[in-house]
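Take a look at the structure below.
The values are calculated or read from the model by the stated rules, or taken from the named source; none is laboratory data. The structure presented is a predicted model; accordingly, all values stated were derived computationally and were not measured. When we count neighbours, we look across all protein chains shown, and the Cβ atoms used for this are built from the backbone with ideal geometry, even at glycine.
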Ligand SMILES: *Cc1c(COP(=O)(O)O)cnc(C)c1O
């Protein structure tokens, strides 16, 4: 039987295309990242084989578990979860091309140390907490410029953009404000003209709100549920392990 994810993928693609058109953006200016936490490698392969290229994982252990099975299908992996410093060595083992969730100076510093040791470089996004919720990781908006400066001093780390998880709300304006805030932080960082810092990418928007994110300037939307279906683990488990799992 055909994986329902393939049908859902085409729905997402047309939602993305419609949103681009509605906001006067050329189609193809927004990339789809498949948020694949909890999804078995076989299902990810189905979607990659349909022409998708970009996946995002939240846990190093899941990247490791799926690594071999995904090796033969062309794709790129971004890390989008909370990265503990004791997992840095591991995350560098699996061809992750970008860490979208750099949110604190000590993480950047330790990543740099390890990358120097391995003689590697890494693309990074700065994750910003635009919803001001304790349950979300990310640097607070007022510290984003300082973090960009800190990271820019590390020649192993190439800043490519900003990432945020919007607030979960049925009130459209609350969601929109998160994405507007990320866009304004992008402008603030640009106006600082920090050498080597390029924040062109805005990774924002998920299954429920990708249209809003695209209207507000997303260049990458991260979609899980709307393609692969509901997950059994609550997102809390992935987003902030220090909080009790509900
Ligand atoms: C799970 C996850 C997503 C995708 O969320 P859905 O609502 O399932 O589309 C996007 N970004 C991050 C960081 C995630 O952990």
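Residues in the stretch 104-130 that are farther than 19 Å from residue 56 by Cβ and either at pLDDT below 95 or surrounded by 21 or more Cβ atoms within 10 Å (Cβ to Cβ) (or both): 108 alone. Criterion applied to 181, 162 was being within 21 Å of residue 78 (Cα to Cα) and away from the ligand (no atom under 12 Å from the Cβ), and the one residue passing it is 162. Selection over the stretch 176-203 of residues that are within 18 Å of residue 31 (Cα to Cα) and out of contact with any strand residue (DSSP E or B) (no Cβ under 7 Å at 6 or more places or on another chain) gives a count of 1.
Within the stretch 184-207, residues that are within 16 Å of residue 130 (Cα to Cα) reach partners that are more than 16 Å from the ligand (Cβ to nearest atom) and in a loop (DSSP other than H, G, I, E, B) with beta carbons closer than 6 Å, at six or more positions or on different chains, in the pairs 186/199; 189/199; 202/217. Evaluating residue 188 against the criteria (1) surrounded by fewer than 16 Cβ atoms within 10 Å (Cβ to Cβ); (2) within 20 Å of residue 23 (Cβ to Cβ) leaves one unmet condition, (2). If you check 151, 145, which single one turns out to be within 29 Å of residue 28 (Cβ to Cβ) and either within 16 Å of the ligand (Cβ to nearest atom) or surrounded by 17 or more Cβ atoms within 10 Å (Cβ to Cβ) (or both)? After applying the criteria, what remains is 151.
For the stretch 210-222, a residue qualifies if it is buried (at least 23 other Cβ atoms within 10 Å of the Cβ) and within 9 Å of the ligand (Cβ to nearest atom), and the qualifying residues are 221, 222. Whenever a residue of the stretch 25-39 is within 15 Å of residue 12 (Cβ to Cβ) and touching a residue at least 40 places away in the same chain (Cβ under 8 Å), its partners that are more than 16 Å from the ligand (Cβ to nearest atom) and not in a loop (DSSP other than H, G, I, E, B), lying with C-beta atoms within less than 7 angstrom and at least six residues away or across chains, give the pairs 30/20. Quick check: anything in the stretch 14-31 part of a loop (DSSP other than H, G, I, E, B), within 18 Å of the chain's Cα centre (by Cα) and within 23 Å of residue 157 (Cβ to Cβ)? No, the stretch 14-31 contains no residue that is part of a loop (DSSP other than H, G, I, E, B), within 18 Å of the chain's Cα centre (by Cα) and within 23 Å of residue 157 (Cβ to Cβ).
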